[in-house]
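A quick write-up on the structure given underneath.
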């Protein structure tokens, strides 16, 4: 057995990629700070019942589980940081007004997510708590687009949906959890024949509305206009369409490379989300680069009803799409005991220079640094000279 082998779909991040990831992480968190977001760092392990509070069955299947030897209770290795951040807002901060939080940390999946090749991600995201109006969703979308721009991703396809549409259609329908999950799968796959058979037990109006969702996708104006004509009149549906209309109008001028669309059958995370949902796609990547939306029910599950919206993405995937950074210039210095040399090296490093002291027999080989200068002694002083 090769002891250096890692588990399937788990990988090391090597120097060049790690530097790109860390540089991008710092730039993104600085961007969030400029908008007033506060950084939090939840623990990687939690009691399972807390970790899965307010989430659907999908997250349960993706969570690694183990027994805590101190308490005997079941722990979970987080697969998503969003519920943890909602817990922090609800019970630790417990503020009355709007709170903006951001985070960046590792998550692990028990199963490799569809469209991905990794079971470990570096999840980065931003959440807004305490604002129930569409303006908070718009800020989340704005911040997401600026995040992608920092990685030099310019062409973005943003797909919008809304959990309120299906909630309005199914209002007063006494459906079991398994029935909801079956319906969710049929809508997601747009399987009209099987959906038609499944909906026979419902009223003709509801069955027709469910089938209509599978065709309500494409350009925003056309979808919204058609939805208003063919979907049932219901306060939840009317409010959902109004919010989508506001977001489309406000988002159209955010980025020149932004292409907006609506897919009212794209309900991934329906059990988790409660309002606007959005997914960002980029070229050369089959799955969304980021997902987000409103999830008011999670705070309610923690015992404190609180509006919430935000987004998250995998920073490792985003960094892979970002152009490769140039090698960083570095200065070589000899490894000798010399007080003046030590002082010069400390001064250069304080100014942001990379100084590599070459040990005996070392050739200072590095894929990360380009050693284009060196410290040489000129008389009684040490000077930086081009190699």
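Read-outs: derived from the displayed coordinates by stated rules, not from any lab. What you see is a predicted model, and the numbers here were worked out from it, not measured in a lab. Backbone-built Cβ (ideal geometry, glycine too); neighbour counts: all protein chains shown.
With both bridge residues required to lie in the chain, what share of the DSSP beta bridges run antiparallel, to the nearest 5%? Could the numbers behind the result be given before it?
Numbers: 47 of 63 bridges.
Within the chain, antiparallel bridges account for around 75 percent of the total.
Residues in segment 208-241, backbone N under 16 Å from the label point at residue 188 (7 Å along the Cα-to-beta-carbon vector): list them, ranges by number please.
214
Between 263, 372, 137, find the one with the highest GNM mean-square fluctuation for the chain; connect C-alpha pairs within less than 10 Å.
372
Once you keep just the Cα pairs under 8 angstrom separated by 6 or more residues, what percentage relative contact order results for the chain?
Values: 630 pairs, mean separation 72.2, N = 387.
So the answer I get is 19 percent.
At 7 Å along Cα-to-Cβ for each site, give me the label-to-label distance between residue 234 and residue 44 in nm.
Label at residue 234, label at residue 44, 4.3 nm between them.
Using R₀ = 25 Å, calculate the FRET efficiency as 1/(1 + (r/R₀)^6) where r is the Cβ-Cβ separation of residue 225 and residue 253; round to 0.05. Each step should come with its number before you reach the end.
Working: r = 21 Å, r/R0 = 0.83.
Using R0 = 25 Å, I get an efficiency of 0.75.
For residue 167 and residue 325, what does the FRET efficiency come to when R0 = 56 Å and r is the distance between their Cβ atoms, rounded to the nearest 0.05? List each step's numbers first, then the result.
Numbers: r = 45 Å, r/R0 = 0.81.
E between residue 167 and residue 325, to the nearest 0.05, is 0.80.
How much of the calculated P(r) for segment 328-386 lies past 17 Å, in percent of all Cα pairs? Walk me through the numbers before you get to the answer.
Numbers: 569 of 1711 pairs.
Everything past 17 Å amounts to 33 percent.
Tell me, what is the FRET efficiency for residue 110 and residue 17 to the nearest 0.05, using R0 = 35 angstrom and their Cβ-Cβ distance as r? All intermediate terms of the calculation are to be shown ahead of the outcome.
Details: r = 24 Å, r/R0 = 0.70.
For residue 110 and residue 17, the calculated efficiency is 0.90.
Above 28 Å lies some portion of the pair distances; for the chain, what is it as a whole percent of all C-alpha pairs? Write out the running numbers ahead of the final one.
Working: 41476 of 74691 pairs.
Tail fraction, whole percent: 56.
Just want to confirm a number: the relative contact order over segment 155-281, from Cα pairs under 8 angstrom separated by 6+ residues, in percent. Display every interim value, and only then the final one.
Numbers: 169 pairs, mean separation 68.5, N = 127.
Taking the mean separation of contacting Cα pairs over the length of segment 155-281, I get 54 percent.
Measure off 7 Å from each Cα along the Cα-to-Cβ vector at residue 365 and residue 378, then give the distance between these two points in nanometres to one decimal.
That separation, rounded to one decimal, is 3.2 nm.
Debye calculation, C-alpha points only, no solvent: report log10 I(q)/I(0) for segment 155-281 at q = 0.15, 0.20 Å⁻¹, in the same order as the q values.
-0.66, -1.15
If you stretched the chain out fully between residue 181 and residue 215, how much longer would it get, using 0.36 nm times the residue separation minus the C-alpha to C-alpha distance? Each step should come with its number before you reach the end.
Numbers: separation 34, 0.36 × 34 = 12.24 nm, distance 1.99 nm.
Here the segment from residue 181 to residue 215 would lengthen by 10.3 nm.
Order of 190-202, 316-328 by packing, highest average Cβ count within 10 Å first?
Numbers: 190-202: 13.8, 316-328: 15.5.
In decreasing order of mean packing, 190-202, 316-328 become 316-328, 190-202.
Per the Kirkwood formula on distinct C-alpha pairs, the Rh of segment 69-151 is how many angstrom?
Values: mean 1/r = 0.0660 Å⁻¹.
For segment 69-151, the Kirkwood estimate is 15.1 Å.
By how many nm would the segment from residue 58 to residue 3 lengthen if fully extended, with 0.36 nm per residue of separation less the alpha-carbon distance? List each step's numbers first, then the result.
Details: separation 55, 0.36 × 55 = 19.80 nm, distance 3.23 nm.
Fully extending the segment from residue 58 to residue 3 adds 16.6 nm.
Points 7 angstrom from Cα along the Cβ direction at residue 152 and residue 354: gap in nanometres?
Label-label distance for residue 152 and residue 354, simple model: 1.7 nm.
In segment 349-387, whose amide N lies under 16 Å from the spot 7 Å out along Cα-to-Cβ of residue 337? List them in ranges.
360
Highest first, please rank the peptides 355-362, 163-170 by the mean number of other Cβ atoms sitting within 10 Å of their residues. Mind showing how you got there, number by number?
Working: 355-362: 12.1, 163-170: 21.8.
Those peptides, ordered most packed to least, come out 163-170, 355-362.
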